[in-house]
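One structure is given here, and the rest of the page talks about it.
The values are calculated or read from the model by the stated rules, or taken from the named source; none is laboratory data. Since the structure is predicted, the reported quantities are computational estimates derived from the model, not experimental observations. Here Cβ is always computed from backbone atoms with ideal geometry, including for glycine, and neighbour counts include all displayed protein chains.
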């Protein structure tokens, strides 16, 4: 399990250069307007969306897990607590097919609890949608 931090950045190349040096690692995935890092220490999934002039730098937060049972358990727990906002099974998002559950905290910050099933060549379900369009509406997809 590792925490995810998704940020909106003005210049993806500049941000990738900075975070590569900061965490001493290269992106695990790099696409136009999008990058993600699987940082080992500290355990972090850093996701960057190029959204020029974004009002908010913080796009959303998440918890990446590696077993299907962990997503199921989180979904059940969040539903029981009245926090599950949206459940997505096998949805394509951020160039990956994922299972996930979303929760929205009282001030509107979005959290996702998710597992990557496989990589995808498209950003989302709508293959014409680009990373900056999805990111600008407050979340991966």
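Of the residues 100, 79, only one is in contact with a helix residue (DSSP H, G or I) (Cβ under 9 Å, 6 or more places away or on another chain) and either modelled with pLDDT of 95 or more or not in a strand (DSSP E or B) (or both); which?
100
Within the span defined as the stretch 52-70, every residue fails to be part of a helix (DSSP H, G or I), in contact with a strand residue (DSSP E or B) (Cβ under 8 Å, 6 or more places away or on another chain) and without any contact (Cβ under 8 Å) to a residue 40 or more places away in the chain.
For (1) within 14 Å of the chain's Cα centre (by Cα); (2) exposed (fewer than 12 other Cβ atoms within 10 Å of the Cβ); (3) under 19 Å from residue 7 (Cα atoms), each residue gets a yes or a no:
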residue	(1), (2), (3)
46	yes, no, yes
51	no, no, yes
74	no, no, no
96	yes, no, yes
108	no, yes, yes
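If you check residue 35 against the conditions, is it assigned to a loop (DSSP other than H, G, I, E, B), under 23 Å from residue 22 (Cα atoms) and modelled with pLDDT of 95 or more?
Numbers: assigned to a loop (DSSP other than H, G, I, E, B): no; under 23 Å from residue 22 (Cα atoms): yes; modelled with pLDDT of 95 or more: yes.
No: the conditions fail for residue 35.
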